[in-house]
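Taking it in order: structure first as structure tokens, then the write-up.
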Amino acid sequence: MERLKINADKMQKELHSANDYLDEKYGKIGTPEREEFSAKAVSFYYGELIKETRKEKKLTQKELAEKIGKEREYIARIEKGKTDLQISNFVQIINALDLKLQLV
């Protein structure tokens, strides 16, 4: 069996951490560009959670939308991370999906 040799010094110089990459691409933490990126990332994350849970419950976007009194397009925008999700709507969606919010 051939062993893989890793030069730790070379790897340290060549590899950047995720924060270094984000700093370079979107600016340092606290800058408007980085804050906008972070907000979009959070929207995408919650959209994915909602989409996966909805699918596990075998609900269509339209069925979920009807449960909370919204249009199907609203659910689609949430699932794509394309809209700001207000806490009141988030709570309605969680209830419609029979989930419980647990603070830790």
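For Cα Rg over 2.2 N^0.38 Å, the choices are [x] 1.55; [y] 1.29; [z] 1.15; which was calculated from the structure?
Label of the calculated value: [x].
Can you show me the helix-derived [θ] at 222 nm for the chain, built from DSSP H runs with n ≥ 4 at -39,500 (n - 2.57) apiece and divided by the number of residues, rounded to the nearest 500.
Mean residue ellipticity at 222 nm (helix-derived): -19500 deg cm²/dmol.
Just the accessible area per residue of the chain, please: how many Å² with a 1.4 Å probe?
Heavy-atom accessible area per residue stands at 84 Å².
Could you tell me what percent of the accessible area of the chain is made up of carbon and sulfur, with a 1.4 Å probe and every protein chain present?
53
Given a Förster distance of 35 angstrom, what is the FRET efficiency for Arg72 paired with Leu103, based on the Cβ-Cβ distance and rounded to 0.05?
0.70
Under a plain spin-label model, where a point goes 7 Å from the Cα along Cα-to-Cβ, how far apart in nm are Phe37 and Val91?
3.3
The values are calculated or read from the model by the stated rules, or taken from the named source; none is laboratory data. Just so it is clear, the structure is predicted and the values come from calculations on it, not from any experiment. Using ideal geometry, Cβ is built from the backbone for each residue, glycine included, and neighbour counts are taken over all protein chains shown. All accessible areas refer to the heavy atoms of the entire protein, side chains included, with ligands and DNA or RNA removed. Shrake-Rupley method; radii C 1.70, N 1.55, O 1.52, S 1.80 Å.
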